[in-house]
Amino acid sequence: MTTLATNYPTNASVLLSKPKLNIELLVKVKLPPMKSTVLRLMELLRDQDVMTATLAETVRYDPILATRVLRLANSALYSLRKPVTTIQKALDAIGTRSLYDLVMLDAMADGFGNEIRNSVLIKSIWEHSIAVGLLSREISKMLKLQGSEEAFVCGLLHDIGKILMLRADVERFESLLEHRSEHDMLEWEDKIYGFDHTEVGAYVANKWRLPDAVCSVIMHHHNPSHSPHSVVMANVVNAADLIANVHGYGLRLEEETALLISEPIALLKLTRPQINEAWENIQKAISDVTKLLK
């Protein structure tokens, strides 16, 4: 039987006496419903042969998403030679893969928009998630990894469980911040909620019918070797998570020395110059993506 460690919060007994939460009920109550446009696009994007004209027609029915698509296509993320002014040309320019990424961004921004604007904690998780998504994509490109199409979405959604847990019980979640290490935070999540954020995130990804690879990476991003699918991508997201924390993006900040002892960084053979380059390469993108969702 595990005993309480001395670094547990002073109200530990109160928190532990609270009834544990049910993941299914938590997600049902706290996960905002997806817009019909997003659901339709996700269904269309499962068809690798879908025509951009079909996607464009669907995007046009959602003025906010249509605006974001145009702004994305004309942002520094793509650096197109000429500005695009129509949805069709925008989709031709950014491709269906990027539309899939944007659809997930749109779903997150619309679903948690008020909290992102009004909660310091959720805003921090959101900015961290954007940084990890962009870093995951950048690292995958830099290392020329195969099967990395889901990199951005895996990084973006890796901590969605934290947002739902915070929405469910602020007091429980704030007690997590008293823990310094990743291991202690995960252990305390399990003790006070009955599960940790990776389990919630994987459940959400499965509910949204995202690929098994995405669900697996979200579930195992803290223990990549345990992932039954996309072990390399789980390592990428773990490395991106750490790099973002080292640079001040996240609730759990890390010292730079953590990069030297990171197993995923070692397995990926990421050098310090590559890490610095990846971080520099996403700075404009972080700003652009944040602006896209205002």
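Given a cut-off of 25 Å, name the pairs among Lys28/Lys191; Lys144/Lys207; Lys144/Lys291 whose C-alpha atoms lie farther apart than that in the structure shown. Mind dumping the intermediate values first?
Details: Lys28/Lys191 22 Å; Lys144/Lys207 30 Å; Lys144/Lys291 28 Å.
Checking Cα-Cα distances, Lys144/Lys207; Lys144/Lys291 exceed 25 Å.
Strictly over 23 Å apart at the Cα level, which of Lys35/Lys82; Lys30/Lys123; Lys123/Lys269 would you flag in this model?
Numbers: Lys35/Lys82 31 Å; Lys30/Lys123 17 Å; Lys123/Lys269 32 Å.
Listed pairs above 23 Å: Lys35/Lys82; Lys123/Lys269.
How far apart, in nanometres, would the label points at Ile64 and Met51 be if each is projected 7 angstrom from Cα along the Cα-to-Cβ direction?
3.0 nm
Among Glu57, Glu138, Glu127, which one shows the biggest mean-square fluctuation in a GNM of the chain, springs joining Cα atoms closer than 10 Å?
Most flexible of the set in this elastic network: Glu57.
Per-residue ellipticity at 222 nm for the chain, helices alone: DSSP H runs ≥ 4 residues times -39500 (n - 2.57), over residue total, nearest 500 deg cm²/dmol?
Per the formula, -20500 deg cm²/dmol.
What is the chain's relative contact order, in percent, from Cα pairs under 8 angstrom and six or more apart in sequence? Kindly include the intermediate steps, with their values, before the conclusion.
Details: 344 pairs, mean separation 59.5, N = 294.
Once normalised by length, the contact order is 20 percent.
Quick check: the angle from helix 231-246's long axis to the longest principal axis of the chain, C-alpha only, nearest 10 degrees?
So the inclination is approximately 80 degrees.
If you line up the long axis of helix 283-292 against the longest principal axis of the chain, both from Cα atoms, how many degrees apart are they, to the nearest 10?
Value to nearest ten degrees: 80.
Taking the Cα centre of region 67-161 as the origin and placing charges on Cβ (Lys, Arg +1; Asp, Glu -1), which of Leu121, Leu135, Val84 is farthest toward the positive end of the dipole?
Value computed over the given set: Val84.
Got a sec? Charge dipole of the chain, +1 on Cβ for Lys and Arg, -1 for Asp and Glu; which of Ser225, Ile192, Ser148 is way out at the positive end?
Ser148
With axes computed from alpha carbons, what is the tilt in degrees of helix 120-142 against the longest principal axis of the chain, rounded to the nearest 10 within 0 to 90?
Approximately 60 degrees, to the nearest 10.
Given the options Tyr249, Tyr203, Tyr61, which has the most mean-square fluctuation in a GNM of the chain, springs set between C-alpha atoms less than 10 angstrom apart?
Tyr61
Compute a Gaussian network model of the chain, connecting alpha carbons closer than 10 Å, and tell me which residue from Ala240, Ala168, Ala151 fluctuates the most.
Ala168
Tell me the label-point distance for the pair Arg81, Leu39, using the 7 Å Cα-to-Cβ offset, in nm and rounded to one decimal.
Placing both labels 7 Å beyond Cα along the Cβ direction yields 4.3 nm.
Where the accessible area of the chain is counted over protein heavy atoms with a 1.4 Å probe, how much of it, in %, is carbon and sulfur?
Ligands and nucleic acids excluded, carbon and sulfur reach 52 percent.
Quickly rank 143-150, 192-199 as a protection proxy: mean count of other C-beta atoms within 10 Å, highest first. Walk me through the intermediate numbers first.
Working: 143-150: 14.5, 192-199: 20.8.
Result, highest mean Cβ count within 10 Å first: 192-199, 143-150.
With every protein chain left in place, what is the accessible area per residue of the chain in square angstrom, probe 1.4 Å? Working shown, then result.
Details: 14270 Å² over 294 residues.
Result: 49 Å² of accessible area for each residue.
What does the charge count near Pro83 come to, summing +1 for each Lys or Arg and -1 for each Asp or Glu among other residues with Cβ under 12 Å from its Cβ? The partial results should precede the final answer.
On the way: positive: Arg71, Arg81, Lys82, Lys89; negative: none.
Taking every Cβ under 12 Å from that of Pro83, the sum is +4.
The values are calculated or read from the model by the stated rules, or taken from the named source; none is laboratory data. From a predicted model like this one, the values you see are computed outputs, not experimental measurements. Heads up, the Cβs are rebuilt from the backbone with ideal geometry, glycines too, and the neighbour counts pull from every protein chain shown. In case anyone asks, the SASA skips ligands and DNA or RNA and just uses the protein heavy atoms, side chains included. Shrake-Rupley method; radii C 1.70, N 1.55, O 1.52, S 1.80 Å.
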